[in-house]
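All remarks here apply to the structure that follows.
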Amino acid sequence: MSIPQSGGSDPIQNHSELAQYLADGCKPKDDWRIGTEHEKFGYCKDTQKPLPYEGVHSIKSVLEALRDQFSWTPVMEAGNIIGLEKNGANISLEPGGQLELSGAPLSSIHETCDEVNTHLREVQSVADGAGVRFIGLGAAPIWTHEEMPMMPKGRYRLMTDYMDKVGTHGKQMMYRTCTVQVNLDFGSEADMVQKFRVALALQPVATALFANSPFFEGKVNGHKSWRSRIWRDLDSSRTGMLPFVFEDGMGFERYVEYALDVPMYFVYRDGTYINALGMSFRDFLKGELPALPGEVATMSDWADHLTTAFPEARIKQYMEMRGADGGPWRRLCALPALWTGLMYDQNALDAAWDICKDWSAETREEWRVAASVDALQAEVGGVKMRDLARQVLEISEAGLKARAKPGAGGMVLDERHFLNALIDSVDTGKVPADELLDKYYGEWGGDLSKIYGEYNY
């Protein structure tokens, strides 16, 4: 989840500034970048239990070791180290101690994959000294909510109590899920709209290809992506497939109206998160927020508020693809490759839109549900997900070929080879969740604890 945002401390003077903030993200194509984020679970090597914040085997020890050994700058809250920053990237903590790398905006998949690889090697190095391990999965396979620690971040304390009031799975999302996502740019309002529609409609394809959470609380849960299932009953006011994005009149202003209807979580002031749970940002704009009577929202408040909407894809001053489970090292570079190929070449983007432009809202939602349950074995309206995914990958591959971005030193391979793990899945019909289930029912003999030894980073 996001760290406090920067947007400016002057009070917002008029409504038009809200849409303008989003529009200010428009960039010429030569300036489009790729930002990759991924989360992973940490656990104690000796007990296989989740990492506490403090102690010998802890999140704090990992953060401090990364700071000291690899020159990261600490991010502090109330005297606690809660993150790290370096070279445009940051490392942050999810509520249950999941460690997240939010990568710098980079120009190619080669660069973003180098960044991911460097980060994971650094984490491996310090984990050895701290007696901990990390693992990439979409959901914690065994741990219960009562076993999970809470990281010392004020935002999370507020959200935890609120989640049970608005849904049934919110705390599961906060404490026991991990994702990989990519952040991409848009060139204009029209470009944003086309990309947003493709991102939402085809997000279930990413959910299927990256499905990696078939276990929860020590049992097979009946879904290939339990992480995706969790999001369907979290808080309907801030999640979902956003049917309005496909309607006439979609643009920055329409997204502003949606975001203004998302109930608030907090206001961040002087290092403190002030409880604004369920309050209205519209009231905040008028200086009528009960949590801060008489105070008018700033652009930083607006930027913070935008991070509290959790649809399957969302916009800030860039677009976030949010439908994939966290997973194996090899797949962390495949996710940005998939979406970059679809989004950063106009012919590919047009071809992707041709696939889904006639789908109804009901069809899009059916794909979302089916992908979480069956992954590549899903079928909607007589169309098989495996065939759909193959078509999407072919378009992405063509888009990456058109980009023609060679690797370092004039490396012959362009970005297409980063899709190989996904192409393998379509060829075999199996995604990571299928592999895990095969292991569970096969050589593991139902002993789910073996997942830690075989799949840690």
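None of the figures in this text is laboratory data; all of them are computed from the coordinates on show. Note that the coordinates shown come from a computational prediction; the quantities given were computed from them, not determined experimentally. Counting neighbours? That spans all protein chains shown, and the Cβs are built from the backbone with ideal geometry, glycine included.
For region 381-457 versus region 201-271, the inter-centroid distance based on Cα atoms is 23 Å.
Less than 14 Å Cβ to Cβ from Cys44, Lys/Arg counted +1 and Asp/Glu -1: what total charge do the surrounding residues give? Please report the intermediate quantities before stating the final value.
Numbers: positive: Lys45, Lys49, Lys60, Arg133; negative: Asp46, Glu54, Asp128, Glu147.
Its environment carries a net charge of 0.
Shape class of region 359-457 from the Cα gyration tensor (axes a ≥ b ≥ c, square roots of the eigenvalues): oblate, since a/c reaches 1.5 or more and a/b does not exceed b/c.
Taking the number of other C-beta atoms within 10 Å as the exposure measure, put Val166, Val180, Val62 in order starting with the fewest. Walk me through the numbers before you get to the answer.
Values: Val166 16, Val180 30, Val62 24.
Ranked by crowding around the Cβ, least crowded first: Val166, Val62, Val180.
Remark: region 349-366, residue by residue, has Karplus-estimated 3J(HN,Hα) of 4, 4, 5, 5, 5, 4, 4, 10, 5, 9, 5, 7, 4, 5, 5, 4, 5, 4 Hz, where x stands for each Gly or Pro and the curve is 6.51 cos²θ - 1.76 cosθ + 1.60 at θ = phi - 60°. Across the chain, Cα pairs under 8 Å and at least six residues apart give a relative contact order of 21 percent.
Let a ≥ b ≥ c be the square roots of the eigenvalues of the Cα gyration tensor of region 170-286; is it rounded (a/c under 1.5), or, if not, prolate (a/b larger than b/c) or oblate?
Working: a/c = 2.18, a/b = 1.19, b/c = 1.83.
It is oblate, given that a/c is not under 1.5 and a/b is not larger than b/c.
Each residue of region 324-329 was assigned a 3J(HN,Hα) from its phi angle through the Karplus expression (A = 6.51, B = -1.76, C = 1.60, θ = phi - 60°), giving 10, 6, x, x, x, 3 Hz with x at Gly and Pro. Amide H contacts of Glu379 (H built 1.01 Å from N, in plane; Pro and chain starts excluded): Met385 sit under 5 Å, all sequence-distant by 5 or more or on other chains. An ellipsoid equivalent to region 1-106, defined through the eigenvalues of its Cα gyration tensor, has semi-axes of 33, 17, 13 Å when rounded to whole angstrom and sorted largest first. Over all other residues within a Cβ to Cβ distance under 15 Å of Trp231, the charged ones net out to +3, with Lys and Arg as +1 and Asp and Glu as -1. Pairs of Cα atoms in the chain fall into 10 Å distance bins, from 0 up to the last occupied one, in shares of 4, 21, 32, 28, 13, 2, 0 percent. Amide H contacts of Glu77 (H built 1.01 Å from N, in plane; Pro and chain starts excluded): Ile82 sit under 5 Å, all sequence-distant by 5 or more or on other chains.
3J(HN,Hα) along region 199-205: 4, 5, 5, 9, 4, x, 5 Hz, from the Karplus curve 6.51 cos²θ - 1.76 cosθ + 1.60 with θ = phi - 60°, whole Hz, x for Gly and Pro.
Where both bridge residues fall in region 16-455, DSSP classifies roughly 95% of the beta bridges as antiparallel. Less than 5 angstrom separates the built amide H of Lys49 from those of Cys44, all sequence-distant by 5 or more or on a different chain.
Val132: net charge of surrounding residues, Cβ under 10 Å, Lys/Arg +1, Asp/Glu -1, itself excluded? Here the charged neighbours net out to 0.
Normalising by the residue count of region 198-293, find the relative contact order in percent from Cα pairs under 8 Å and 6+ residues apart.
Values: 79 pairs, mean separation 13.8, N = 96.
Relative contact order for region 198-293 comes out at 14 percent.
Taking a straight line from the alpha carbon of Lys165, not one of the lysines sits under 19 Å away once near neighbours fewer than eight places off in the same chain are left out.
In whole Å, how far is the Cα centre of region 316-354 from that of region 281-301? Between the Cα centre of region 316-354 and that of region 281-301, the gap is 35 Å. For region 111-219, the equivalent ellipsoid derived from the Cα gyration tensor has semi-axes of 28, 23, 16 Å, listed largest first.
Along the axis of the charge dipole computed for region 16-455 (Cβ charges of +1 for Lys and Arg, -1 for Asp and Glu, origin at the Cα centre), the listed residues Ala351, Gly129, Ile315 are led at the positive end by Gly129. Farthest towards the positive end of the charge dipole of region 16-455, among the residues Leu292, Gly341, Ala375, is the Cα of Ala375, using unit charges on the Cβ of Lys, Arg, Asp and Glu.
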